[in-house]
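Written out below as structure tokens is the structure these notes cover.
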């Protein structure tokens, strides 16, 4: 791509960043809140630093490793923010980054710009993957990504594996505290066996339901057996005050985490 592209949305014009945008960048990006959430924007933001960033943006475009778009409103033309893609050519994927001036927050501008950039990345640059990291406390950026269909997980399988990690850990720690009191009450009323059988039936129903929704592979069988073992050992240990090692359950957690990370890596994350 020899000429920097220009993208248009209903309200926005996304164009190349120019030297005459420096005053607008300093006007909007020289903001402590923005600096706290963008890794490469210091505070205070000085003109020479902005000039260096523009130079790197131009170099990145020439090397096919970066597209940095100025976000402008069609009726104004002034830069009000920046959105871009930093491309990893070896894996044909890109990191999405963006910021918009504080006077324009809460108007859906970044959501609109992100939608257009994703189309550009996949349809014009032919990327395999676009990811957008953000700080945990930056909920606004998280919402922008979520509204554009960008998930924390690389696949439904990875999501399921992390949920299972959570379930197993909760199961381990549920054998102390409140659940022990519940188990004691059930034992006093001779209901512990009924509770155990009911729980195992629920686990069995979950396995059957999973089997009906998709064919189980080797690791899915291991995961299913791991869940059965976790619930079996947890319920058993509720009634055994002297036993609290949880070695088996933690081994299962390790298997789930390993498979989740392996799944994430297989998708280029």
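Computed quantities for the displayed model
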| item | result |
| --- | --- |
| Where a residue in region 73-100 is without any contact (Cβ under 8 Å) to a residue 24 or more places away in the chain and its partner, wherever it lies, is assigned to a strand (DSSP E or B), with Cβ under 8 Å and at least six apart | 88/94; 88/95 |
| Residues being in a helix (DSSP H, G or I) and touching a strand residue (DSSP E or B) at 6+ places or on another chain (Cβ under 8 Å) - total across region 36-46 | 1 |
| Residue in region 44-59 that is in the same structural domain as residue 116 (by TED's automatic domain parsing) and in contact (Cβ under 8 Å) with a residue 60 or more places away in the chain present | no |
| Test for residue 64: is it in a loop (DSSP other than H, G, I, E, B) and within 16 Å of residue 120 (Cβ to Cβ) | yes |
| Residue that is modelled with the lowest pLDDT [pool: residues in region 147-166 that are assigned to a helix (DSSP H, G or I) and loosely packed, with under 14 Cβ neighbours inside 10 Å] | 156 |
| Qualifying residue in region 122-138 (condition: buried (at least 18 other Cβ atoms within 10 Å of the Cβ) and closer than 20 Å to residue 5 by Cα) | yes |
| Selected residue (criterion: modelled with the lowest pLDDT) from residues of region 19-52 that are buried (at least 18 other Cβ atoms within 10 Å of the Cβ) and under 30 Å from residue 90 (Cα atoms) | 38 |
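This table checks each residue for (1) assigned to a helix (DSSP H, G or I); (2) closer than 27 Å to residue 75 by Cα.
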| site | (1), (2) |
| --- | --- |
| 1 | no, no |
| 13 | no, yes |
| 20 | yes, yes |
| 24 | yes, yes |
| 34 | yes, yes |
| 48 | yes, no |
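The values are calculated or read from the model by the stated rules, or taken from the named source; none is laboratory data. Remember, it's a predicted structure, so these values are computed and weren't measured experimentally. Using ideal geometry, Cβ is built from the backbone for each residue, glycine included, and neighbour counts are taken over all protein chains shown.
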